[in-house]
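One structure is given below, encoded as structure tokens.
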Amino acid sequence: MHVQQWEETCDVLVLGGGTAGCLISGVLARRLPKLKVTLVDSGTNYDADGLLDRVPQKPVTPGTRTFFRNTGAEFVPAPSEIGGSSLMHGGIALRGTRDDHDEWFRVAGEEWSPQDLASLFHRLESDTDEPAVGSPLHVAELTTLPAAYRAFHAYCARVFGAAADLNRPEAHGVGLVPSACTDGRIATTYRQHILPDPVPANLRLRAETVVDHVRLRGERVDRVAVRHLRTGRPSQLRADVVVLAAGALGTPEILLRSGIGAAAASEELGIPVALDLPAVGARLRDHSVLWSEATVTDTPAAPPWPWHAVLCRTSPTDEHLPDCSFELFHDFRLRTRQLWSRRVVISCTQLHDISPGRVRLEMSGTRLRTRIDGAVPRTLAAMEQYAEHVGALLKEEEFQGVGMRAPYPVPYPSSQGRNSAAGLLPKVRSAYHFHGTCPMGTDPGSAVVSPDLRVFGTGNLYVADASVLPVQFGANTHHVTRATALRAADALSSLFGYS
Ligand SMILES: Cc1cc2nc3c(=O)[nH]c(=O)nc-3n(C[C@H](O)[C@H](O)[C@H](O)COP(=O)(O)OP(=O)(O)OC[C@H]3O[C@@H](n4cnc5c(N)ncnc54)[C@H](O)[C@@H]3O)c2cc1C
């Protein structure tokens, strides 16, 4: 049966309504009321019936997307609503370290100098004159935090030193977390950039719509093929400018399906080659995390403080626990967004030196499916040191009143193998900080977008999400993704005459 295809034309088409996509489309539509902006996302628009206003703590209902690794299936949390990972993140708003920003500058050039990055972060962290751009960060008061946090802070301050402001470029040691989360409520980019009243009339949301591929004619994308999730109805969208913001797994997936990637791989899969860009999907970065869970008895009734309140970032040369983010926080249930429980987590995240993986397509029967190759991330260099710290922490005097049961896995040194590196390794997992799959740079042999975020060899196709980060970023990736998206929104605003 012939299925009728319909077309829609707009000025800017943003593909992916997550952290970056909501920011870019919201900021553009507000700045330029005559610009027609369309935002496409596979999630539902749960505010369509006003739910978000009526139920302030509406639970997010994440689904999972299955990706396939060499070792089997990998379940990656994927929200089923517009807002993407910004609906699920923990509110931590950390900048990278001086080394991260210097390396970024070295790879991408002066458009991404440490000063430029600092200015983008600063605008996101402050009240600005412009609606829906910045929002001040919140920091907890140590004295009002539960005892477990104070004990953790005291231990880390003694061993690693204290950091007055974790967002200073060389801040190492324990500090209070700059947070985009107030009273246990997460600031999602959908809430911050799309919803503020009035919702821009020139912004069209296409929810529950999956992007299949973009079509290049010469150097321009002339069509984007999408499909409605529930009805299966295919359609074609057109725009002057197309911005990919489908995240570090979704964006390379769309490019590869469009024949934009390593030419040999496209040919092997029978996809007509549109552009030979071998770096698409080639360097998937992430952080690896090991965590131990325990229950505590000193739980106050509700969390009046940001969810993640205290964190210790150690320097790459620290002899006690090199290059890690060491943290204690109350656990949450992803499905219900319940931020409060008596279950606490002590975790250790390795920040650098993680071998990259790869996102690629493979044929499964007659269908293409997305596969993640490589050990991302199944290693954590400082595992045994972490285990020793947790053991030492629990013996601390300050910790005695916390009423903490021994965490699982019990991670202090023992003569039994279970706390050795080999015993702990199976517990190491992804921190879901995927980035770097379409990195920016100046050489199309090793990068996918130029420093102005345009895909090499194209005139109107941009990428502006976590996939463009050109370095293994030494901090949680939500804040830096917003900074990248703000830069994209600025550049596109100028392109359309905003000053
Ligand atoms: C569970 C979890 C916890 C995290 N915790 C933290 C944290 O505490 N602090 C922190 O800084 N970072 C955290 N992160 C990481 C951070 O949230 C992400 O790095 C960042 O939000 C990525 O933003 P993005 O815009 O690149 O992608 P996303 O926000 O993931 O947006 C991509 C969007 O594109 C849509 N999409 C993808 N493919 C298609 C397609 N083909 N068609 C249509 N739509 C598509 C997706 O549905 C999604 O809405 C966490 C991530 C996860 C998953």
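What follows is calculated from the coordinates using simple rules that are stated; it is not laboratory data. All figures in this text were calculated on a predicted structure; none of them were measured in a lab. As a convention, Cβ positions derive from the backbone with ideal geometry for all residues, glycine included, and neighbour counts pool all protein chains shown.
Please list, or write none, the aspartates and glutamates whose alpha carbon is within less than 18 Å of the alpha carbon of residue 427, excluding same-chain residues fewer than 8 places away.
Correct list for residue 427: 74, 286, 293, 327, 331, 384, 388.
If you stretched the chain out fully between residue 229 and residue 130, how much longer would it get, using 0.36 nm times the residue separation minus the C-alpha to C-alpha distance?
Once the chain is fully extended between residue 229 and residue 130, it gains 32.1 nm.
Expressed in nm to one decimal, what extension gain is obtained for the pair residue 8 and residue 363 from 0.36 nm per residue of sequence separation less their Cα-Cα distance?
In short, 124.7 nm is gained.
Suppose R0 equals 25 Å. What FRET efficiency, 1/(1 + (r/R0)^6) with r the Cβ-Cβ distance, do residue 118 and residue 164 give to the nearest 0.05?
Using R0 = 25 Å, I get an efficiency of 0.90.
Would you mind counting up the charge near residue 152? Only other residues with Cβ under 12 Å from its Cβ, with Lys and Arg at +1 and Asp and Glu at -1.
Counting the neighbours of residue 152, the net charge comes to -1.
As an exercise, use a Förster radius of 30 Å and the Cβ-Cβ distance of residue 498 and residue 141 to find the FRET efficiency, rounded to the nearest 0.05.
0.15
Describe numerically, in nm with one decimal, the distance between label points set 7 Å from Cα along Cα→Cβ at residue 421 and at residue 406.
Inter-label distance under the simple model: 2.5 nm.
Tell me which aspartates and glutamates have Cα within less than 17 Å of residue 36's Cα, excluding those fewer than 8 residues away on the same chain?
By straight Cα distance, residue 36 reaches 7, 8, 11, 222, 240, 490.
Multiply the residue separation of residue 295 and residue 222 by 0.36 nm, subtract the distance between their alpha-carbon atoms, and state the gained length in nm to one decimal.
Working it through step by step, the gained length comes to 20.7 nm.
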